[in-house]
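**Q** Here it is, the structure in full.
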Amino acid sequence: MHTSPDNSDRQFLARMNRLGECSVQELCAEQGVTATAIRLRLTRLLADGLIERETVPATRGRPSYVYRVTALGRRRLGDDYSKLAPLLWREMRLIEDEGVRRRLMNRLRQALVDRYGSPQRDATLAERFEFLQQSLDQQGFQVEVEERQQGDNRLPVLREHSCPYSELASEDSSICDLEQSVFEEVLGVPVTLTQCCRDGDACCQFEPVTNSAVFELQHDWKTPLRAVE
């Protein structure tokens, strides 16, 4: 799955888009960097489908190449929601009618749940955490799942290394509550946020709540959860 380019690649693509067709030499002159650095970036952007290369036949010697931004690349240049999302969130939180505000929040929550999908109903707890990790990874988030000893059990823990809502979270912690509730819906079990980037931690860490009804009914956390849903 293609992800949006980072700021450096976005600036590079924007300059390429203004140039139209351009060679490595033209990019070197425009960017003020070496040909090696240009070729490394071009290789990566080619692999992501954000640019394309065309061969220019030569009357003598080796052919040359020109590069241009693809339609996908141009769409990715317009996919910067980093400034729009905080504005929309603030306006939604300022809605005075509590009923309207609650309905909008519920719709947003369900949209995120639908975006991540649902694991199979007979999946184990470990498999559910792995499913969520893969869904987040496909959305471009940096996440990992590992097992940790909790009492007599080894339970899965999800770590989110780059907060997708860092600007929002710094102003309003309720976005963290929303994300937690979305994860609980996807996983089918209560979770707790034991570490948070907003508090200065290196990651956001989500752990299953071991004293919940689900765990009281389970003798083995690897047992499929279908019986307790």
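**Q** For the range 14-58, enumerate the residues that are acidic (Asp, Glu) and without any contact (Cβ under 8 Å) to a residue 12 or more places away in the chain.
**A** Quick first cut of the range 14-58, residues acidic (Asp, Glu) only: 21, 26, 30, 48, 52, 54.
Matches in the range 14-58: GLU26 only.
**Q** Separate question: Considering only residues that are aliphatic (A, V, I, L, M) and surrounded by 15 or more Cβ atoms within 10 Å (Cβ to Cβ), look in the range 20-35 and name the one that is nearest to LEU46 (Cα to Cα). Even if it seems obvious, please write down each step before you answer.
**A** Filtering the range 20-35 for residues aliphatic (A, V, I, L, M) gives 24, 27, 29, 33, 35.
Filter again for surrounded by 15 or more Cβ atoms within 10 Å (Cβ to Cβ), leaving 24, 27.
Working: VAL24: 14, LEU27: 15 Å.
Selected residue: VAL24.
**Q** Checking the conditions here, which among THR55, THR36, THR43 is outside the structural domain of SER174 (by TED's automatic domain parsing) and outside any helix (DSSP H, G or I)?
**A** Working: THR36 fails: outside any helix (DSSP H, G or I); THR43 fails: outside any helix (DSSP H, G or I).
THR55 is the lone residue from the list that is outside the structural domain of SER174 (by TED's automatic domain parsing) and outside any helix (DSSP H, G or I).
**Q** Go through ARG115, ARG74 for me and flag whichever is charged (D, E, K, R) and at pLDDT 90 or above.
**A** Working: ARG74 fails: at pLDDT 90 or above.
Among ARG115, ARG74, only ARG115 is charged (D, E, K, R) and at pLDDT 90 or above.
**Q** To continue, here is another question. Restricting the range 135-146 to residues that are exposed (fewer than 15 other Cβ atoms within 10 Å of the Cβ) and at pLDDT 90 or above, which is farthest from the chain's Cα centre (by Cα)? Write out each step before concluding.
**A** Quick first cut of the range 135-146, residues exposed (fewer than 15 other Cβ atoms within 10 Å of the Cβ) only: 137-140, 142, 144, 146.
When the remaining residues are screened for being at pLDDT 90 or above, the result is 144, 146.
Values: GLU144: 12, GLU146: 19 Å.
Among them, the one singled out is GLU146.
**Q** On the given criteria, is ARG198 under 30 Å from LEU84 (Cα atoms), in contact with a helix residue (DSSP H, G or I) (Cβ under 7 Å, 6 or more places away or on another chain) and not in a strand (DSSP E or B)? Let's see the steps before the verdict.
**A** Working: under 30 Å from LEU84 (Cα atoms): yes; in contact with a helix residue (DSSP H, G or I) (Cβ under 7 Å, 6 or more places away or on another chain): yes; not in a strand (DSSP E or B): yes.
Taking the combined requirement at face value, the residue satisfies it.
**Q** Sticking with this one: Right, PHE131: aromatic (Phe, Trp, Tyr), surrounded by 15 or more Cβ atoms within 10 Å (Cβ to Cβ) and in a loop (DSSP other than H, G, I, E, B) or not?
**A** Numbers: aromatic (Phe, Trp, Tyr): yes; surrounded by 15 or more Cβ atoms within 10 Å (Cβ to Cβ): yes; in a loop (DSSP other than H, G, I, E, B): no.
Against the criterion (aromatic (Phe, Trp, Tyr), surrounded by 15 or more Cβ atoms within 10 Å (Cβ to Cβ) and in a loop (DSSP other than H, G, I, E, B)), PHE131 does not qualify.
Okay, residues lined up against (1) buried (at least 18 other Cβ atoms within 10 Å of the Cβ); (2) modelled with pLDDT of 90 or more; (3) assigned by TED's automatic domain parsing to the domain that holds LEU112:
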site: SER181; (1), (2), (3): no, yes, yes
site: GLY188; (1), (2), (3): no, yes, yes
site: THR194; (1), (2), (3): no, yes, yes
site: CYS197; (1), (2), (3): yes, no, yes
site: ALA202; (1), (2), (3): no, no, yes
site: GLN205; (1), (2), (3): yes, yes, yes
site: ASN211; (1), (2), (3): no, no, yes
site: LEU217; (1), (2), (3): no, no, yes
site: TRP221; (1), (2), (3): yes, no, yes
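The values are calculated or read from the model by the stated rules, or taken from the named source; none is laboratory data. Please read these numbers as outputs of a predicted model, since none were measured by experiment. Reconstructed Cβ throughout: ideal geometry from the backbone, glycine too, with neighbour counts over all protein chains shown.
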